[in-house]
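Asks: After the structure tokens below, expect a handful of questions from me.
The values are calculated or read from the model by the stated rules, or taken from the named source; none is laboratory data. This structure is a prediction, so every number in the text was calculated from the model and none was measured. Cβ coordinates were reconstructed from backbone atoms using ideal geometry, including for glycine residues, and neighbour counts include every protein chain displayed.
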Ligand code: PRP
């Protein structure tokens, strides 16, 4: 039996993706939920899972070391990798927004925007006709306007708690985000049948959830 390798994002999407796969009838052992292994084989299902940083999932899939992956739309927009999106899994819903300190205007000269998404942020402000300097950060983005590193941030808003608890406000909503099932184009041709079965089983669950 051929084996499909799926790149899973470690972190908050992981739990929801596991629930979805289990509801689709895939028997995933309990070791998924607790250990620190980075490669987990589920021989009975003919699946191998690799656990990657969310931002790296499309890289593994583009290079073909993973046939499939689960990646947020935010990551897809930022990474622009050569992969196909097969299914909107409708999990981990959130959105990308511009935020900052309340009642503040962007500086007239060289306004700065801190973000984990430099490409998305640059494209957004370009479309708005605003010239900004992008400052790339890897996390805790909300710190930047609080300590004067930037005028604005472009970041994920999920519950909105991080903004509220740090006294920041949302200025514009850029794009809605959910997680997607992605595939390497060559793998898709080679493992057509098995991948189609996975997509069918997952879409049934996604539709049933009515999200
Ligand atoms: C994300 C995002 C926000 C926060 C939003 O950060 O960057 O900081 O979650 O969630 P909320 O609206 O529910 O508060 P994450 O926890 O992934 O960590 P990071 O700061 O290291 O990016």
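Asks: Taking the condition of being touching a strand residue (DSSP E or B) at 6+ places or on another chain (Cβ under 7 Å) and either assigned by TED's automatic domain parsing to the domain that holds residue 171 or crowded, with 16+ Cβ neighbours inside 10 Å (or both), how many residues in the range 78-92 meet it?
Replies: The total comes to 6.
Asks: Taking the range 45-65, which residues are part of a strand (DSSP E or B) and out of contact with any helix residue (DSSP H, G or I) (no Cβ under 7 Å at 6 or more places or on another chain)?
Replies: 47, 48, 49, 51
Asks: Restricting to the range 29-44, name every residue that is surrounded by fewer than 17 Cβ atoms within 10 Å (Cβ to Cβ) and outside any strand (DSSP E or B).
Replies: Passing the criteria: 29, 30, 31, 33, 34, 35, 36, 37, 38, 43, 44.
Asks: Exactly one of (1) in contact (Cβ under 8 Å) with a residue 12 or more places away in the chain; (2) more than 10 Å from the ligand (Cβ to nearest atom); (3) closer than 27 Å to residue 81 by Cβ is unmet by residue 117. Its number?
Replies: (2)
Asks: Also: Could you count how many residues in the range 1-35 are under 16 Å from residue 205 (Cβ atoms) and within 16 Å of the ligand (Cβ to nearest atom)?
Replies: Qualifying residue count, the range 1-35: 4.
Asks: Of the residues 110, 123, 99, 114, which is exposed (fewer than 12 other Cβ atoms within 10 Å of the Cβ) and more than 30 Å from residue 46 (Cβ to Cβ)?
Replies: 110
Asks: Just checking, how many residues over the range 126-157 are surrounded by fewer than 21 Cβ atoms within 10 Å (Cβ to Cβ), within 12 Å of the ligand (Cβ to nearest atom) and in contact (Cβ under 8 Å) with a residue 40 or more places away in the chain?
Replies: 3
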